[in-house]
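The values are calculated or read from the model by the stated rules, or taken from the named source; none is laboratory data. Not measured: the values here are computed from a predicted model. Positions of Cβ are backbone-derived with ideal geometry, glycine not excepted, and every protein chain shown enters the neighbour counts.
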Amino acid sequence: MANPDEEQPESQQTQQTDDYYLFKIVLIGDSAVGKSNLLARFARDEFHPNSKSTIGVEFQTQKMTINGKEVKAQIWDTAGQERFRAVTSAYYRGAVGALLVYDISRRLTFDSVGRWLSELHTHSDMNVVTILVGNKSDLKEAREVTTAEGRALAEAQELFFIETSALDSSNVNAAFQKVVKEIYNILSRKVM
Ligand code: GDP
Ligand code: MG
């Protein structure tokens, strides 16, 4: 059995045996929408009020239980590369899921969603399970993108949709769970 913490050949990034699943999931979206904080909240229940701009790709492996089975989500964070529009094809390679994040209080980040989708489709399989995530739902006064607009875009692009807050934890687990569960269901159907 492979150790998910070690670098693995491409073909093994999404691995599956009887009781073992490892799914590569990428976080994408404009700078400062809250990608790193969504991961910090999900994996460690932490929130960081100030952005740290680490350069280089990082990922975290998180155990989850789906339908009674243990699944490992290997969640990749751009760690600041997107600031320079330099997210590499290696980042996307082997991904089976994606969280495409925008900030509900900054319309420009919502306007970028189409660009992120085409980048995702350029570098990976069309079937990557993708959820559109409107983050910072706690910033009610500063909202620039309505929930209805987010949902409409998701429907048009055939994405799942959710609004989250890494600050107050709202829907953060649900966002990751949705993607992982859907991947799991697709894989189970293929196996059976
Ligand atoms: P990234 O560049 O997409 O990884 O964004 P970060 O996770 O670094 O977050 C950028 C800034 O937004 C930081 O100052 C965070 O504290 C803040 N932030 C992230 N998520 C939320 C949220 O849900 N609500 C609020 N109010 N601020 C957030
Ligand atoms: Mg970040």
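Is it true that E7 is farther than 20 Å from E182 by Cα and modelled with pLDDT under 95? Reasoning before the result, please.
Values: farther than 20 Å from E182 by Cα: yes; modelled with pLDDT under 95: yes.
It is true that E7 is farther than 20 Å from E182 by Cα and modelled with pLDDT under 95.
Here the condition is being more than 21 Å from A40 (Cα to Cα) and either away from ligand 1 (no atom under 16 Å from the Cβ) or acidic (D, E) (or both); of F160, F110, it holds for F160 alone.
The set of residues in segment 41-52 that are within 12 Å of A79 (Cα to Cα) and more than 6 Å from ligand 1 (Cβ to nearest atom) contains only K52. Here is the figure for segment 99-115: residues that are over 12 Å from the mean Cα position of the chain (by Cα) and either closer than 17 Å to T88 by Cα or within 16 Å of ligand 2 (Cβ to nearest atom) (or both) total 5. Against the list (1) in contact (Cβ under 8 Å) with a residue 60 or more places away in the chain; (2) within 16 Å of ligand 1 (Cβ to nearest atom); (3) crowded, with 21+ Cβ neighbours inside 10 Å, the condition L132 fails is (1).
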